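Structure below; questions to follow.
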Amino acid sequence: MEKAKASPTSHSYYSQRLRLHYLDWGNPDAPPLLLVHGNRDHCHNWDWVAQELRDEYHIIAPDFRGHGDSQWVNGSAYSSSEYIYDLAQLIHQQNLAPLHIIAHSLGGGVALRYAGIYPEHIKKMVVIEGTGAPPSAYNPDPPHIRMRNWIESTRKMSGRLPKRYESLDDAFNRMHDENKHLRMDQAKHLTIHGSNQNEDGSYSWKFDNYTHVMAPFDITIEQSRELWGRIEAPVLLVSGKESWFGQIKRPDPTKVFQNARHVTVDDAGHWVQHDQLDKFLTLTKDFFAE
């Protein structure tokens, strides 16, 4: 008999006076599990994972500032530090620690930095392609060049209007074109939850365009690796064999952690949790059960 599907409840919390959104999948007496999405994604990216793990864990899935149903920011550089604070506030306010975390891409990088700051708060982590860093972390340009480029990029972004699609189907087609691994029903689900209808009837993505322009200075890659080295909990790093992420030459991240291993999933791109859901769930469940 097929397991009945659950519907999460929507909630808000506050971080630096911003009203931020998260989904709570119930089961509050179970161990807490935080699901953290990537850049320009939203909390509903985890719906399929949450459905399968909700009986064993109390699942919380937040929307970062400027994403999903969380508020956009006036005057923010959408820095890694701000995202870390948002995560720290949710964990603190909801008394979630110690907890398990599954995180993807930008969310993985943020969660790993948080874990290095508060290693005592982490039980186990699964991180999908989250050991990169914002462009500023690798930027060798002198400060005046970095600041000039950031100023000019931000100025250009101020004149950039959200992309408008004439129909929800047009937005869906764009979503599906970006990731051919997505099933049609997945792409439709992500489009419905990831877009708003404008007053003229068109549709636009929920994320703030300013998330394209991140802070010119933030935690460096060397400082990030120092934080990773403080994580005492076991970490499973997951990547997709067909993802662009693996094409970038980086030192083996597992050597930096105290207890980490890396798994590459075949027939998967950057969104392993979508592209190979069953394989990802098996990896995660086995890892959490160890």
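Select from region 261-280 the residues that are crowded, with 16+ Cβ neighbours inside 10 Å and part of a helix (DSSP H, G or I) and list them in ascending order.
Within region 261-280, 272, 273, 274, 275, 277, 279, 280 qualify.
Further question on the same structure: State all residues of region 37-64 that are polar (S, T, N, Q) and farther than 29 Å from residue 163 by Cα; if no residue qualifies, say none.
Matches in region 37-64: 51 only.
Follow-up question, since we're still on this one. Among the residues of region 109-165, what is the count of those that are over 21 Å from residue 250 (Cβ atoms) and part of a loop (DSSP other than H, G, I, E, B)?
Residues flagged as over 21 Å from residue 250 (Cβ atoms) and part of a loop (DSSP other than H, G, I, E, B) within region 109-165 amount to 8.
Quick one: which of 26, 38 is under 19 Å from the mean Cα position of the chain (by Cα) and either touching a residue at least 24 places away in the same chain (Cβ under 8 Å) or in a loop (DSSP other than H, G, I, E, B) (or both)? I'd like the intermediate steps shown before the answer.
On the way: 26 fails: under 19 Å from the mean Cα position of the chain (by Cα).
Residue meeting the stated conditions: 38.
Let me ask something else. Answer yes or no: is there a residue in region 216-231 that is surrounded by 15 or more Cβ atoms within 10 Å (Cβ to Cβ) and touching a strand residue (DSSP E or B) at 6+ places or on another chain (Cβ under 7 Å).
Taking every residue of region 216-231 in turn, at least one turns out to be surrounded by 15 or more Cβ atoms within 10 Å (Cβ to Cβ) and touching a strand residue (DSSP E or B) at 6+ places or on another chain (Cβ under 7 Å).
Going by the conditions given, is residue 233 part of a loop (DSSP other than H, G, I, E, B), under 21 Å from residue 115 (Cα atoms) and touching a residue at least 40 places away in the same chain (Cβ under 8 Å)? Walk me through how you get there before you give the answer.
Working: part of a loop (DSSP other than H, G, I, E, B): yes; under 21 Å from residue 115 (Cα atoms): yes; touching a residue at least 40 places away in the same chain (Cβ under 8 Å): yes.
Yes: the conditions hold for residue 233.
Within the group 101, 84, 91, which residue is at pLDDT 95 or above, within 29 Å of residue 13 (Cβ to Cβ), within 17 Å of the chain's Cα centre (by Cα) and part of a strand (DSSP E or B)?
Going through 101, 84, 91 in turn, just one is at pLDDT 95 or above, within 29 Å of residue 13 (Cβ to Cβ), within 17 Å of the chain's Cα centre (by Cα) and part of a strand (DSSP E or B): 101.
Step by step: first the residues of region 247-260, then only those that are without any contact (Cβ under 8 Å) to a residue 60 or more places away in the chain and out of contact with any helix residue (DSSP H, G or I) (no Cβ under 8 Å at 6 or more places or on another chain), then the one that is surrounded by the fewest Cβ atoms within 10 Å (Cβ to Cβ). Which residue is that?
Applying the filter and picking the extreme gives 249.
Continuing with the same structure: Could you tell me whether any residue of region 170-178 is at pLDDT 90 or above, among the charged types (D, E, K, R), closer than 30 Å to residue 276 by Cβ and in contact with a Gly (Cβ under 8 Å, 6 or more places away or on another chain)?
Looking for residues that are at pLDDT 90 or above, among the charged types (D, E, K, R), closer than 30 Å to residue 276 by Cβ and in contact with a Gly (Cβ under 8 Å, 6 or more places away or on another chain), one finds none in region 170-178, hence no.
The values are calculated or read from the model by the stated rules, or taken from the named source; none is laboratory data. As the structure is a prediction and not an experimental result, all values here were calculated from the model. Cβ: placed from backbone, ideal geometry, glycine included. Neighbour counts: every protein chain shown.
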